[in-house]
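The values are calculated or read from the model by the stated rules, or taken from the named source; none is laboratory data. A quick note: this is a predicted structure, and the numbers were derived from the prediction, not measured. No Cβ is skipped: glycine too gets one built from the backbone with ideal geometry, and neighbour counts run over all protein chains shown.
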Amino acid sequence: MKRVILLACVIALGGMAVACAAADTASAGTKPYQVAIQNFAFAPKTLVVPAGTRVVWTNRDDEAHVITSAGALFASSKALDADDTYAVTFSKPGTYAYYCSIHPMMVGTIIVQ
Amino acid sequence: MDNDDSRSDGRRQFLKCMAWAGAGTLWLMKGGVLHAQPLNESATTTDASFSFVQISDSHIGFHKAPNPDVAGTLRRSLAMINAQKTRPAFLLHTGDLTHLSKPEEFDTLSGLMQEARVGRRFYVPGEHDVIGDNGAEFFRRFGEKQHAGGWYSFDHNGAHFVGLINVLNLKAGGLGSLSADQLAWLKNDLAGLSAETPVVVFAHMPLWPLYPPWGWGTDDSGEALSYLRRFGSVTVLNGHIHQIQQKVEGNITFYTARSTAYPQPAPGDGPGPGPLQSVKPEALHRYLGIRDVRHVRAGGALAVTDEVLT
């Protein structure tokens, strides 16, 4: 199980060793994972996290965006203006597809293990 | 120091530059083909039976580069409308009145629009006007209330106008959407009209696949256009992309309008369709403006003029 989490962490953070080590020592659910909203896209587009993780989106665009769950599996954000953030804690394993409700070509996925 | 000076002077400089004169082009549509001529040749406007004006994408609440004063530029646009020789019969606002659908943004927009000396004002929402409540506040304030879905039509001097909603219930990975209900209504709305009736359709997002990678299109617009092809003169007016783009397809001519707030990049130019921040304050007015449309009695053609802010 630990091996799976570590692998997921490497994928999600693009091999950032320091952050990964921190995630490994901290218990699941204390370290938020970050998704940047930049240039009308989510980065990373797919994020794999352990159950109980808090995911934080930060709008780096000067355009507004709205985080919306496909199938309403989690609450939508309000309109995120430039530099606004939105956080969701994912307690149950599953695949959570989401998009920007006002720019629906922007899609992303949170995979909770 | 220099940087600090220019920053503190930004707004004054910006407003001063708004006073610079701009140029415009008159577009005449004849049988689906566009003819351009300078704005100052007024001969062709004398046979107009009526005119109307389109403005779009005011984004009240936006406060960043390249336009820290979107209320000011909207006001300038309305002043240009008021300066027209002939008072426009009505005004169409093709959406994104506000930036974040906030009540105070709607209040500001509503107050400013009272300055437009036009017969009537018609609105359709942009995606920025329907955040959080599926447009309830927008429709309460600005809706025509003909149908639950918000779409509507009206006739003016023999021309038929249709306001469509394509910014609600958008699907992940998709473009703008009209929905089956609205399409059924549109088909029925157009059914009784003779093919000689000039038809003007307006909606926020482009009703043709202008640049789908940036969401510039409407998924089910093809169905709507199939109802319009039998007409001799169809004009489609959209906003959303903050710049003028035109396309002719048979007897259907498509136009997108400039914003009254800020420009966006040309399709595919750069990483995304955000505000064009590189535009300098002294150049901004050339990217903003209004659209004036005159109905020319002979042949039922529409003459379309775009004017930048002066």
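Conditions tested, residue by residue: (1) closer than 26 Å to residue B:309 by Cβ; (2) within 14 Å of chain A (Cβ to nearest Cβ); (3) crowded, with 24+ Cβ neighbours inside 10 Å.
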position	(1), (2), (3)
B:197	no, no, no
B:215	no, yes, yes
B:224	no, no, no
B:238	yes, no, yes
B:245	yes, no, no
B:250	no, no, no
B:257	yes, no, yes
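Annotation: of all residues in the stretch B:156-201 being charged (D, E, K, R) and without any contact (Cβ under 8 Å) to a residue 40 or more places away in the chain, the one that is nearest to residue B:54 (Cα to Cα) is B:189.
For (1) among the aromatic types (Phe, Trp, Tyr); (2) surrounded by fewer than 23 Cβ atoms within 10 Å (Cβ to Cβ); (3) closer than 27 Å to residue B:194 by Cβ, each residue gets a yes or a no:
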{"site": "B:70", "(1), (2), (3)": "no, no, no"}
{"site": "B:86", "(1), (2), (3)": "no, yes, no"}
{"site": "B:93", "(1), (2), (3)": "no, no, no"}
{"site": "B:114", "(1), (2), (3)": "no, yes, no"}
{"site": "B:119", "(1), (2), (3)": "no, yes, yes"}
{"site": "B:151", "(1), (2), (3)": "yes, no, yes"}
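Kindly evaluate residue B:159 against the criterion of being among the aliphatic types (A, V, I, L, M), closer than 27 Å to residue B:241 by Cα and at pLDDT below 95. Judged against the criteria, residue B:159 is a match.
In summary, residue B:193 fulfils each of the numbered conditions (1) modelled with pLDDT under 95; (2) more than 14 Å from chain A (Cβ to nearest Cβ); (3) not in a strand (DSSP E or B) with the single exception of condition (1). Is it true that some residue in the stretch A:85-96 is more than 14 Å from every other protein chain (Cβ to nearest Cβ), surrounded by fewer than 19 Cβ atoms within 10 Å (Cβ to Cβ), closer than 29 Å to residue B:204 by Cα and not acidic (Asp, Glu)? For the stretch A:85-96, residues more than 14 Å from every other protein chain (Cβ to nearest Cβ), surrounded by fewer than 19 Cβ atoms within 10 Å (Cβ to Cβ), closer than 29 Å to residue B:204 by Cα and not acidic (Asp, Glu): present.
Checked against the criterion of being out of contact with any Ser or Thr (no Cβ under 7 Å at 6 or more places or on another chain), buried (at least 18 other Cβ atoms within 10 Å of the Cβ) and closer than 24 Å to residue B:144 by Cα, the candidates B:193, B:186 yield just one match: B:186. Anything in the stretch A:45-71 that is away from chain B (no Cβ under 12 Å) and of a type in the set (Gly, Ala, Ser)? List them, or say none. Answer for the stretch A:45-71, where residues must be away from chain B (no Cβ under 12 Å) and of a type in the set (Gly, Ala, Ser): A:51, A:52. Looking at B:58, B:101, B:49, which is the one that is of a type in the set (Gly, Ala, Ser) and modelled with pLDDT under 90? After ruling out the rest, the residue left standing is B:49.
Let's see how each residue does on (1) in contact with a strand residue (DSSP E or B) (Cβ under 9 Å, 6 or more places away or on another chain); (2) within 14 Å of chain A (Cβ to nearest Cβ); (3) under 24 Å from residue B:207 (Cβ atoms); (4) not β-branched (Val, Ile, Thr):
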| site | (1), (2), (3), (4) |
| --- | --- |
| B:77 | yes, no, yes, yes |
| B:81 | yes, no, no, no |
| B:91 | yes, no, yes, yes |
| B:96 | yes, yes, yes, yes |
| B:106 | yes, yes, no, yes |
| B:117 | no, no, no, yes |
| B:129 | yes, yes, yes, yes |
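The helices (runs of 4 or more DSSP H) located wholly in the stretch B:49-147 that include 3 or more residues which are in contact (Cβ under 8 Å) with a residue 40 or more places away in the chain occupy B:70-82, B:103-113.
Out of all the residues in the stretch B:196-207, which are over 15 Å from the mean Cα position of the chain (by Cα) and assigned to a loop (DSSP other than H, G, I, E, B)? Matches in the stretch B:196-207: B:196, B:197, B:198.
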